[in-house]
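Everything on this sheet refers to the single structure shown next.
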Amino acid sequence: LFLHFDVGFGDITQKGYEKKRSKLIGAYLPQPPRVDQALPQERRAPVTPSSSSRYHRRRSSGSRDERYRSDVHTEAVQAALAKHRERKVAVPMPSKRRSLVVQTSMDAYTPPDTSSGSEDDGSVQGDSQGTPTSSQGSINMEHWISQAMHGSTTSTTSSSSTQSGGSGAAHRLADVLAQTHIENHSAPPDVTTYTSEHAVQVERPQGSTASRTAPKYGNAELMETGDGVPVSSRVSAKIQQLVNTLKRPKRPPLREFFVDDFEELLEVQQPDPNQPKPEGAQMLAMRGEQLGVVTNWPPSLEAALQRWGTISPKAPCLTTMDTNGKPLYILTYGKLWTRSMKVAYNILHKLGTKQEPMVRPGDRVALVFPNNDPAAFMVAFYGCLLAEVVPVPIEVPLTRKDAGSQQIGFLLGSCGVTVALTSDACHKGLPKSPTGEIPQFKGWPKLLWFITESKHLSKPPRDWFPHIKDANNDTAYIEYKTCKDGSVLGVTVTRIALLTHCQALTQACGYTEAETIVNVLDFKKDVGLWHGILTSVMNMMHVISIPYSLMKVNPLSWIQKVCQYKAKVACVKSRDMHWALVAHRDQRDVNLSSLRMLIVADGANPWSISSCDAFLNVFQSKGLRQEVICPCASSPEKVTVMGTRACLSPTDDSNQPPGRGVLSMHGLTYGVIRVDSEEKLSVLTVQDVGLVMPGAIMCSVKPDGVPQLCRTDEIGELCVCAVATGTSYYGLSGMTKNTFEVFPMTSSGAPISEFPFIRTGLLGFVGPGGLVFAVGKMDGLMVVSGRRHNADDIVATALAVEPMKFVYRGRIAVFSVTVLHDDRIVIVAEQRPDSTEEDSFQWMSRVLQAIDSIHQVGVYCLALVPANTLPKTPLGGIHLSETKQLFLEGALHPCNVLMCPHTCVTNLPKPRQKQPEIGPASVMVGNLVSGKRVAQASGRDLGQIEDNDQARKFLFLSEVLQWRAQTTPDHVLYTLLNCRGTIANSLTCVQLHKRAEKIAVMLAERGHLQEGDHVALVYPPGIDLIAAFYGCLYAGCVPVTVRPPHPHNIATTLPTVKMIVEVSRSACLMTTQLICKLLRSREAAAAVDVRTWPLILDTDDLPKKRPAQICKPSNPDTLAYLDFSVSTTGMLAGVKMSHAATSAFCRSIKLQCELYPSREVAICLDPYCGLGFVLWCLCSVYSGHQSILIPPSELETNPALWLLAVSQYKVRDTFCSYSVMELCTKGLGSQTESLKARGLDLSRVRTCVVVAEERPRIALTQSFSKLFKDLGLHPRAVSTSFGCRVNLAICLQGTSGPDPTTVYVDMRALRHDRYSTLAGFSFSLVASHTGILPGVRIIIANPETKGPLGDSHLGEIWVHSAHNASGYFTIYGDESLQSDHFSSRLSFGDTQTIWARTGYLGFLRRTELTDANGERHDALYVVGALDEAMELRGMRYHPIDIETSVIRAHKSVTECAVFTWTNLLVVVVELDGSEQEALDLVPLVTNVVLEEHYLIVGVVVVVDIGVIPINSRGEKQRMHLRDGFLADQLDPIYVAYNM
């Protein structure tokens, strides 16, 4: 039963939809047994806005694309797709922000402009029903498939009680991906399990899965994040689909490896033992017929022109057409002769001066003529031949930045061109500068533009006559050729080659005098030039030239001209036949019986055959004979490679039908010819492109390596030996040698001829009877995992998937990019503006299936770009190399992208198998034997330091403050600056003491608090916070500092405040009047339950009296304060700091930084947790120095505030956070000069410490140092501290310790939990934390076995010190967690000492530096947090390494964060640019992570700047980000699910 109900898109919510759906089909569903409740409901496709308004699918209009697509192939593709229609596993469709959809699918797009198109088949898209004979066969088939495939987006069958999740369009891709393993050529990496036994589990079709309970995270309605927080999510359902899709059965792993230049092993594809191998005998070179010399053949082409110009000056030579198809102008042989003479005379005598002519015989000149003016081109070309200068015909540069025009400029420069010949009209159309001059185009030499119209030229004197000699070895002309990489080469053709080629064509085509020929091809190069400009003049033929502009208006024009002029020959491309078919409406007056040859110029593309067949089908009834159609193949190097079958006369009926072969596409990928029966799906039908040209010898050689002759059943590169070929690439002797001077060899190594052969760049073979077959071009070859695929074949398959609805024909580019040591196939197509997201996605998924089935190769990336945005060649085709360049630079701006790295990338290294751990004792013994010391280090010993520290005699900070208030009452401890840099507030010792007393009274009287009660302090960074802290100590309460909610962002910041207040069990909350109002405001009530706040005290109005007594704790081990912080993994962890630990901490910092009452320290940190809080609130009271406090938030209005304060107060020591440093680097980068002028001087700074709990961010600290070096900052001054939850500061760069050092660590070793400083290609920068605080001991232990590790081994950092925190403060008292972290012992060695585990991986390394005490210094290197590290493929990855790579991938990526979800790597990037660039990032991010980390990205999420949450310390909150993503709260610009 199929239910169709069209849900009006956009007007029904998910819930409403579910309701409506269950109402409608509830009655039909069998009541499932109880078990099934856990199974996911079917999810609606996330509705993309573009699909609203028009969700009706058009049936395929009958217009058939014959250019590329033989019906056999279409049927094959459809059959391949049909095989997949039963299988349903959902593939997630990418989700896109509305604005992006609207922008990319506007109806306002112009259809692709095909101003001059050659490779293009632009906008001639008649709705004709095609040709009944050719298309009937597959239309029904297509209809049937469409029915079977599409079903309906929302239809569900009543028979199965579970529906596959995911979007409707996605079913199609899913259908196939579920079980492509049947013919899947390469196993995708398994992303879900890594076990050594590869159990092959096959996903059954969905109907039978009713009894399988879904895993917890697959449930789309309710899912839990890592921390068990339920989120309702659309995203997670999609990820689940992705995981299901990727859980495919796999081939057993390959055994062999090759070792790359570096350490890790990439699997190398082993040749398939069953692959076809060539078995035939060695081929023989084939000779064409003798070039028979006819007595009256002219000795040179100019001689021919002179003959016809004088004997029959009235004979028509060339007729040009206007855009209405009316003859515009007839050039006779007489006019051609006189005008060319005039041009020749003027070039030689009227440029430059008499003594110094600009152009001499043999010089090169450019010919710049538009495609609609062959007459002017012909006159100029022959003018050059007569003047003996070398014409270089090129395209008209339309704009200064035309695709490829820069390369043409390089060619002109290398040819030494200084003069360009052009026509009047063309000259007027060139871009001009305001002064009216033609600007110099990018990359072009300076040119003199010379107009060749007769009226602008002076008449040659009576006695002047051009020198006409016999053809010799001088260069006649240079034809440009564009290479695969976009560079342009000039192929030189000599005068003798030119003449011989004309003779060979005359003989092969049986040309006779005064025949009429219709030419649709580009007359500036290739077949159009040889037949329509050169050979025609040799034989005094009449050419009817049809410009491209006319073909666009009237695709039948060439057929009409053949009838009108009773032409014998026509030169076309298969595209012109296709267009004629589309536009043909059974015209009565068409009669093609006059044609004796229809030359199809693109015979080298085997898919042209289908256009030929279809054309013959329709026009056979109009007098077209089968043997008339002559495909020919050509390349610029070997002018026409294979000509055409010699057609003697129209009446000769003995002509054989063309040779046909049906070859197995699979065999071709191995370069082997296997004739296949036409039933098989993947076949290529080839037709011969004629016999070997007269006077030439041909053979085929192996495409790479030495030019060895192929066997008879092997495909190779065709090579030719003849006079009539190009002779070199102008000015490039090396490339010339490889192409024009090839000596093919037999298997024994003997050359087959003493004459050199030329590589034609065409792939093919020489068949029986000297027939030549072409199967493609070398330029289009892509070698994927050792198999060769041809771009044309891939295009043909893509087009056979009913493309006309979604993409433009002929606007498809296929190329390969190298990623991870192999070619990967990329397909880029222009999407029609009226196709919806769903439709395009569906088309893309079906293209992937089709290519997978027919070519057995995976497509790495499929991108759709808006109509008319791909770079064009001058004749309107797609500029391939430019497109590839844009793709690699991330400048293609696609509107749809589908990446399939999981399917394609099969050479990843094997997942790491964890070895059974070696026991800790053995490790230690091993270290001793190998002479490695156990990795441990310590700061100075506190007991041995002699210092006159008065504060030491007090156990408690509250006592120190009282003592200072008595001995130095007026000494300033704190100075707070505002954003203008002026003092906002300050506190002396006595002021702080008195203020604290009043707060203590308030707590006792208004708060009725007992000793030991917890008090939350919710203050902005400033003086109030410090006073409130000491007030709590005086009252015997335990303070908890909490960051206040952000007034503009209460909804997200207030819940955290509430959570800390509740978790810390605070009995009272102290704050300022302003925040007090905020906590009770209406916005606050919307975010949290304001009735459950504890007592709130406002300290802006304090009681006037002093407390009866100041509380003194009974025991130094009692709690002094609680330190709460949200870790980067999103865990809220509060640690307990005892009075003893607090005093020890302050003393340690005092000694390390040498702090005394006379010192000033500038602090620009958040004062809520960790070292930041200690420096802000505690150290000044203990050491007596003055702290200059700068709230980091003030820097947003004045980025220079911190550095100006440091300079103004002549500060020696300053502390900041990464966020502050980044703000200065970004905000002041361009202002260093003006700051210098304002007197900013940083030369007194001795230590500038970044306070953090992560691996040092070296790139940032280095750029900060470089930037402010000019302002006196010493590069050695900048360092980073290291602390964590169990010990708030382990390392802090002191005044006397050695400088931090940086090492390059091999990233591959890090993944395997090893450390090595190989200079590999992929390294990670790790800086050392040198200043271990006094009284701190560090050891590196194995996190699993808890055994001590040796020097330079990577392990967990364990710390022992008097200022370790005494434990986690948790409501639930999770003791096991706590004891493990705070009181671990080594399992071997020193088992007595109690250590705290930091949870960070790192290593210790002896350096060459010496400590203050003269010993060799041990540096600690932090690699990353254990709970941040990601286990993927059995290896440990640190997010920062992947993020660093991704940020480098594209200039618009400002920030990046990665996390994993169900073993998929999710990469979130912030985009600084237009939303159009969002999709460019997907391939680049995927590439860089593959190349540098051997990981396949599962999901790429592109978001706005500032979406990645960052905590006060400037660390990324990756887990918050993950939860936000899964709960669909990020509002991403684009989400791509890589297949």
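Structure notes:
- Whole-percent carbon and sulfur share, accessible surface of the range 449-571, 1.4 Å: 50
- Applying 1/(1 + (r/R0)^6) with r as the Cβ-Cβ distance of residue 1491 and residue 1090 and R0 = 51 angstrom yields a FRET efficiency of 0.45.
- Surface accessible to a 1.4 Å probe, per residue, for the residues of the range 571-636, Å²: 27
- Expressed as a whole percent, the accessible surface of the range 948-998 that belongs to carbon and sulfur atoms is 50, based on a 1.4 Å probe.
- Cα centroid separation, the range 333-348 to the range 545-566 (Å): 29
- With the gyration tensor restricted to C-alpha atoms of the range 829-898, the semi-axes of the equivalent ellipsoid amount to 21, 16, 12 Å, longest first.
- Ranked packing of 1238-1250, 442-454, 774-786, most packed first, by mean Cβ within 10 Å: 774-786, 1238-1250, 442-454
- Distant alpha-carbon pairs in the range 309-373 (separation over 18 angstrom), percent: 56
- Relative intensity, log₁₀ I(q)/I(0), of the range 779-887 from a Debye sum that treats every alpha carbon as a point, q = 0.12, 0.18, 0.20 Å⁻¹: -0.38, -0.87, -1.07
- Our coupling estimate for the range 388-398, obtained by passing each phi through the Karplus curve with A = 6.51, B = -1.76, C = 1.60 and θ = phi - 60°, is 6, 9, 9, x, 10, x, 9, 7, 6, x, 7 Hz, Gly and Pro reported as x.
- At a probe radius of 1.4 angstrom, the accessible area of the range 666-774 per residue rounds to 38 square angstrom.
- Within-12-Å neighbourhood charge of residue 516 [Cβ basis; K, R +1; D, E -1]: +2
- For the listed residue pairs 446/469; 998/1150; 1112/1150, the alpha carbons are over 26 angstrom apart in 446/469; 998/1150.
- Residue 463/residue 440 FRET efficiency (R0 35 Å; Cβ-Cβ; nearest 0.05): 0.35
- Sequence-ordered 3J(HN,Hα) estimates for the range 1425-1434 from the Karplus curve with 6.51, -1.76 and 1.60 and θ = phi - 60° stand at 6, 4, 7, 8, 4, 10, 8, 9, 6, x Hz, glycine and proline given as x.
- In loop segments of the range 520-577 as defined by DSSP, the trypsin sites (Lys or Arg not before Pro) with at most 13 further C-beta atoms inside 10 Å of their C-beta are 566.
- Proximity of backbone amide H atoms, modeled 1.01 Å from N, is registered between residue 973 and 987, 988, 989 at under 5 Å, excluding neighbours fewer than 5 places apart on the same chain.
- More than 14 angstrom apart: percent of Cα pairs within the range 525-604: 65
- The H on the amide N of residue 865, modeled in the peptide plane, is under 5 Å from the matching H of 829, 830, 831, 895, each at least 5 residues off or on a different chain.
- Of interest is the spacing of the C-alpha centroids, which for the range 364-426 and the range 841-914 amounts to 36 Å.
- From the alpha carbon centroid of the range 1455-1470 to that of the range 572-620 is 53 Å.
- Ordering of 307-319, 1382-1394 by burial proxy (mean other Cβ atoms within 10 Å per residue, highest first): 307-319, 1382-1394
- ³J(HN,Hα) computed for each position of the range 808-816 - Karplus, 6.51 cos²θ - 1.76 cosθ + 1.60, integer Hz, glycine/proline x: 8, 4, x, 10, 10, 10, 10, 8, 10
- Accessible area in square angstrom per residue, the range 277-328, 1.4 angstrom probe: 58
- Burial ranking of peptide ranges 630-636, 1100-1106 (average Cβ count within 10 Å, highest at the top): 630-636, 1100-1106
- Overall form of the range 342-425 per C-alpha gyration tensor (a/c, 1.5; a/b vs b/c): oblate
- Here the calculated FRET efficiency for residue 675 and residue 888, from their Cβ-Cβ distance with R0 = 41 Å, stands at 0.55, rounded to the nearest 0.05.
- Taking the convex hull of Cα positions in the range 1117-1167, its mean projected area over all directions (nm²): 4.9
- Surface composition of the range 654-775: carbon plus sulfur atoms contribute 58% of the solvent-accessible area (1.4 Å probe, protein chains only, all chains present).
The values are calculated or read from the model by the stated rules, or taken from the named source; none is laboratory data. As the structure is a computational prediction, the values presented were derived from the model and not from experiment. Cβ coordinates were reconstructed from backbone atoms using ideal geometry, including for glycine residues, and neighbour counts include every protein chain displayed. Areas reflect the complete protein model, heavy atoms only, side chains present, ligands, DNA and RNA absent. Shrake-Rupley method; radii C 1.70, N 1.55, O 1.52, S 1.80 Å.
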